[in-house]
Amino acid sequence: MVYASQRILSGQVLIPGAHFMDHRSATVSAAANIALIKYWGKTSDANGHSSPANLPATGSVSLGMEDLRTTTTLSFAEGASDTFESSLDEAAQQRIVRFLDRLRERFDCRDHFHINTQNNFPTGTGLASSASGFAALTLAFNALLKLDLNETLLSQLARSGSGSAARSIFGGYVEVVLSDDAHAQQIIPAESWPLDIVVAVTNSAAKAIGSTQAMQRTAQTSPYYEQWLSSHSDDMQSAKNAISAKDFDRLAEVSEHNCLKMHATIMTAQPPVLYWLPATLAVMHEVTAMRAAGIPAFYSIDAGAQVKIICEPTATDTLLARLKDLAGVTNLIQTRVGGSPQVHLT
Ligand code: DP6
């Protein structure tokens, strides 16, 4: 993690009420990530209720997207409630307040906050805004209150807000390790294997059904959910081996396979959830044809209609040229693997 203005002092004791003598706000930029091996499903109790700690039922492997970021400024509020300066709807604000309530309880904090959070990419469209959002919020809370928490704990806390946020505490190639308190860790840094990413936006409208709800419906009703779970650790291992060996073709194969398997499971929920649009499929076919012709590119799709294409930098220009005129592709966002969070104290 990069602290842009000042490293948080190790072991510093939090003195309630003493913050006014010090920093007034923390601004954090955290990146969205693409899951290559997907987190889809949560652990549940005997009655089928998801655990309040938001524990994933599967591990996951992801890439940080350097230029798709949430920037969140957290500052101390005067009143007895949290306030917002952003275009978040009521439900999103409540989710943040509930998350902050859990952090306040855990760290014995009596402060309330003013929250300003902005994404530089379309929100709620399957581009992982909850990942970058909850990672940014967790890191801002840690910085503002000088908690000096280690990355494992930061990742666990972010996960309790949104499972994919566990990974956005780190940049580069990241995996979530399953445990009673699952957390993410970096596999290799971005510089070790510099790949490019192109996001083909096919629909900027918010998705009809969010991942939390779709995940629950899939677990309860898809006939393929058990197979999804039981075949997952093989995909994890294969992807991690491919990343360690920097084996592009192997990573391409297992990532597309895992993505299609997740969507097959989602589509077969009752009622079904179909995130793809005609343009989503058009991009998938184009990328498949490119790879068959020897161009190193593969796709992945999260809970939305957008397609993320990962490619060797030598293929980026060709990829952009081939996607820009496809019907239904409204925007192409070019970035690269990266995404270390940045923290500023002011
Ligand atoms: C398809 O992390 O948004 O992007 O934990 O309920 O907030 P909650 O779910 P969320 O789900 C992400 C689903 C996914 C796959 C992934 O990112 O691994």
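Observations on the model:
- Judged by the ratio a/c of the largest to the smallest principal axis of the C-alpha gyration tensor, region 138-268 counts as oblate, that ratio being 1.5 or greater while a/b is no larger than b/c.
- Distance in nm between pseudo-label sites at Leu274 and Ile209 (7 Å out along the Cβ direction from Cα): 1.2
- Expressed as a fraction of 2.2 N^0.38 Å, the value expected for a compact globular protein of N residues, the C-alpha radius of gyration of region 220-346 is 1.19.
- A cut-off of 5 Å between modelled amide H atoms, ignoring neighbours fewer than 5 places along the same chain, links Leu36 with Val61, Ser62, Leu63.
- Beta-bridge orientation, the chain: approximately 90 percent antiparallel, per DSSP, counting only bridges with both partners inside.
- Restricting region 252-332 to trypsin sites (Lys or Arg not before Pro) that sit in a DSSP loop and have at most 14 other Cβ atoms within 10 Å of their own Cβ leaves Lys324.
- Nearest 10 degrees, 0 to 90: helix 90-106 Cα axis against the chain principal axis: 60
- Averaging the Cα positions of each part gives two centres, and for region 27-74 and region 77-144 these lie 15 Å apart.
- Spin-label pair Ala245/His49, simplified geometry with 7 Å Cα→Cβ offset, distance in nm: 4.6
- Gyration tensor verdict on region 37-111 (Cα atoms; rounded if a/c is under 1.5, prolate if a/b is larger than b/c, oblate otherwise): oblate
- About the centre of its Cα atoms, region 28-142 shows a dipole size close to 380 debye [charges on the beta carbon of Lys, Arg (+1) and Asp, Glu (-1) only; nearest 20 debye].
- From phi via Karplus (6.51, -1.76, 1.60), per-residue ³J(HN,Hα) for region 330-346 in Hz, x at Gly/Pro: 8, 7, 10, 10, 9, 8, 9, 5, x, x, 4, x, 10, 10, 10, 10, 10
- Global size of region 122-215 as Cα Rg and Dmax, reported in angstrom: 14.5, 41
- Kirkwood-Stokes translational diffusion coefficient of region 262-312, alpha-carbon pairs, 10 °C, 1.306 mPa s, µm²/s: 135
- Long-range lysine pairs (8 or more apart or interchain), the chain, Cα under 22 Å: 15
- Residue among Val201, His257, Ser233 farthest towards the positive dipole end of region 194-346, charges placed on Cβ: Val201
- Intensity falloff of the chain expressed as log10 I(q)/I(0), Debye formula with alpha-carbon point scatterers, at q = 0.06, 0.07, 0.09 Å⁻¹: -0.21, -0.28, -0.47
- Region 95-166 - Debye-derived log10 I(q)/I(0), Cα point model, q = 0.26 Å⁻¹: -1.32
- Placing unit charges on the Cβ atoms only, positive for Lys and Arg and negative for Asp and Glu, gives the chain a dipole magnitude near 160 debye about its Cα centre.
- Take every pair of alpha-carbon atoms less than 8 Å apart whose residues are at least six positions apart; their mean separation over the length of the chain yields a relative contact order of 27 percent.
- CD proxy at 222 nm, helix term only [per DSSP H run n ≥ 4: -39500 (n - 2.57); per residue of the chain; nearest 500]: -11000 deg cm²/dmol
Rule-based calculations on the coordinates, nothing more; no lab input. Model, not experiment: these values are computed from the prediction. With ideal geometry, Cβ positions are generated from the backbone for all residues, glycine too; neighbour counts draw on all protein chains shown.
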